[in-house]
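Asks: For reference, the structure I am asking about is given below.
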């Protein structure tokens, strides 16, 4: 029998597919050929080593890290694009409407009476706002003069908080730098 | 693949990342182990396993449900690992180089210190023997011994014929046997044989 045929018997034996008669045949060949018998021993040793070596455990947190690294699928990308277009349309459509309205009203926009009326109205609004703000400021100033403790105490508290914030920040920075 | 996994797969195909996460949890062992045995480096193995899952996720639409999911996933993993080996050949550890301790093996508190040392030595020996094989032979051996795959399944993963797989395994076994006849390797192998 040729060496190749003996090797075929060996491989079948390693795969557990060699019949009892095949095994007897193989053994007789191995008895007659010491060099093949040595190789058979080495093959069996490797077989045992590989079969008895357990799988290695997976690093902790592997699955979580993998899921976090997953990219967006084409389906998600389409959804994202649709939302983007929706938002874009929500901004662009009113803008186009205003532009259209401006074009429609352009002859009227050139009327001097329209602009003078607009400025007069705006100035009246500003005057009213000024009166309200000055009245509110005057009232607050008067109240503060009447109740100095109510103003001083919150200011003191804010100062303390800022001071402590600075101290803590300094300590943390100092710790990080060391 | 069981019914529950079928549901996760269907949800994952509809873009459900959490469902795909369940599949990652179910198959992380086989995928990571294949990458580790192929690349012989746990850092690279983790990156490769992660990349394999990402590729699977982005190609779920091309997955044929008639095929076994694990076979498809391992096929992606092995292809990626082989690409990586070809690109990073210089970074592979050779037989002569000392192999880093595998922390998972070292942290096996169930075994005593002697058993841990023996496990570590066995692991180092196996990885050094695998590193002597060309990548296609190595992959065939890994799929045969750690995944208990038939020749047909290995051929499907590696996208080749059954006869090619038989031939690769035959040569790989002989090459490994030849490597163990080296005095130093034989000495390292002896404590692991009954």
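The values are calculated or read from the model by the stated rules, or taken from the named source; none is laboratory data. It should be emphasised that the depicted structure is a prediction, and the values quoted were computed from it without experimental measurement. When we count neighbours, we look across all protein chains shown, and the Cβ atoms used for this are built from the backbone with ideal geometry, even at glycine.
Asks: Restricting the search to region A:32-63, which residues are more than 7 Å from every other protein chain (Cβ to nearest Cβ) and part of a helix (DSSP H, G or I)?
Replies: A:32, A:34, A:35, A:36, A:37, A:38, A:40, A:41, A:44, A:47
Asks: How many residues are within 20 Å of residue B:148 (Cα to Cα) and surrounded by 13 or more Cβ atoms within 10 Å (Cβ to Cβ) if we restrict to region A:10-30? Please lay out each step first, then the result.
Replies: From region A:10-30, those within 20 Å of residue B:148 (Cα to Cα) are A:10-18; that's our starting set.
Subset that is surrounded by 13 or more Cβ atoms within 10 Å (Cβ to Cβ): A:10-15, A:18.
Total meeting the criteria: 7.
Asks: Ok, one more. Within region A:130-143, does at least one residue satisfy the condition of being more than 30 Å from residue B:21 (Cβ to Cβ) and surrounded by 11 or more Cβ atoms within 10 Å (Cβ to Cβ)? It would help to see each step written out before you state the result.
Replies: Narrowing region A:130-143 to residues more than 30 Å from residue B:21 (Cβ to Cβ): A:130-143.
Next cut, surrounded by 11 or more Cβ atoms within 10 Å (Cβ to Cβ) only: A:140, A:143.
Yes, region A:130-143 contains a residue that is more than 30 Å from residue B:21 (Cβ to Cβ) and surrounded by 11 or more Cβ atoms within 10 Å (Cβ to Cβ).
Asks: Moving on. Could you say which residue among A:157, A:72 is under 30 Å from residue B:50 (Cα atoms) and surrounded by 10 or more Cβ atoms within 10 Å (Cβ to Cβ)? Talk me through it step by step, then tell me what you get.
Replies: Working: A:157 fails: under 30 Å from residue B:50 (Cα atoms).
The conditions single out A:72.
Asks: Can you give me the number of residues within region B:24-49 that are without any contact (Cβ under 8 Å) to a residue 40 or more places away in the chain, within 10 Å of chain A (Cβ to nearest Cβ) and either surrounded by 23 or more Cβ atoms within 10 Å (Cβ to Cβ) or not in a helix (DSSP H, G or I) (or both)?
Replies: The total comes to 5.
Asks: Here's a follow-up. Inspect all residues belonging to region A:38-51 and state whether any of them is more than 56 Å from the chain's Cα centre (by Cα), farther than 30 Å from residue B:25 by Cβ, exposed (fewer than 15 other Cβ atoms within 10 Å of the Cβ) and in the same structural domain as residue A:7 (by TED's automatic domain parsing).
Replies: Yes: region A:38-51 contains one or more residues that are more than 56 Å from the chain's Cα centre (by Cα), farther than 30 Å from residue B:25 by Cβ, exposed (fewer than 15 other Cβ atoms within 10 Å of the Cβ) and in the same structural domain as residue A:7 (by TED's automatic domain parsing).
Asks: Something else now. Right, residue B:52: more than 10 Å from every other protein chain (Cβ to nearest Cβ), touching a helix residue (DSSP H, G or I) at 6+ places or on another chain (Cβ under 6 Å) and part of a helix (DSSP H, G or I) or not?
Replies: Working: more than 10 Å from every other protein chain (Cβ to nearest Cβ): no; touching a helix residue (DSSP H, G or I) at 6+ places or on another chain (Cβ under 6 Å): yes; part of a helix (DSSP H, G or I): yes.
Here the answer is no, as residue B:52 does not meet what is asked.
Asks: Also: Looking at (1) modelled with pLDDT of 90 or more; (2) farther than 30 Å from residue B:12 by Cβ; (3) outside any loop (DSSP other than H, G, I, E, B); (4) within 14 Å of another protein chain (Cβ to nearest Cβ), which is the one condition that is false for residue B:136?
Replies: (4)
Asks: Of all residues in region A:64-88, count the ones that are more than 13 Å from residue B:57 (Cα to Cα), at pLDDT below 85 and within 9 Å of another protein chain (Cβ to nearest Cβ).
Replies: Residues meeting the conditions: 1.
Asks: Just to be sure, is residue B:144 more than 18 Å from the chain's Cα centre (by Cα), modelled with pLDDT of 85 or more, closer than 22 Å to residue A:9 by Cα and within 14 Å of another protein chain (Cβ to nearest Cβ)?
Replies: Numbers: more than 18 Å from the chain's Cα centre (by Cα): no; modelled with pLDDT of 85 or more: yes; closer than 22 Å to residue A:9 by Cα: yes; within 14 Å of another protein chain (Cβ to nearest Cβ): yes.
For residue B:144, the condition - more than 18 Å from the chain's Cα centre (by Cα), modelled with pLDDT of 85 or more, closer than 22 Å to residue A:9 by Cα and within 14 Å of another protein chain (Cβ to nearest Cβ) - is not met.
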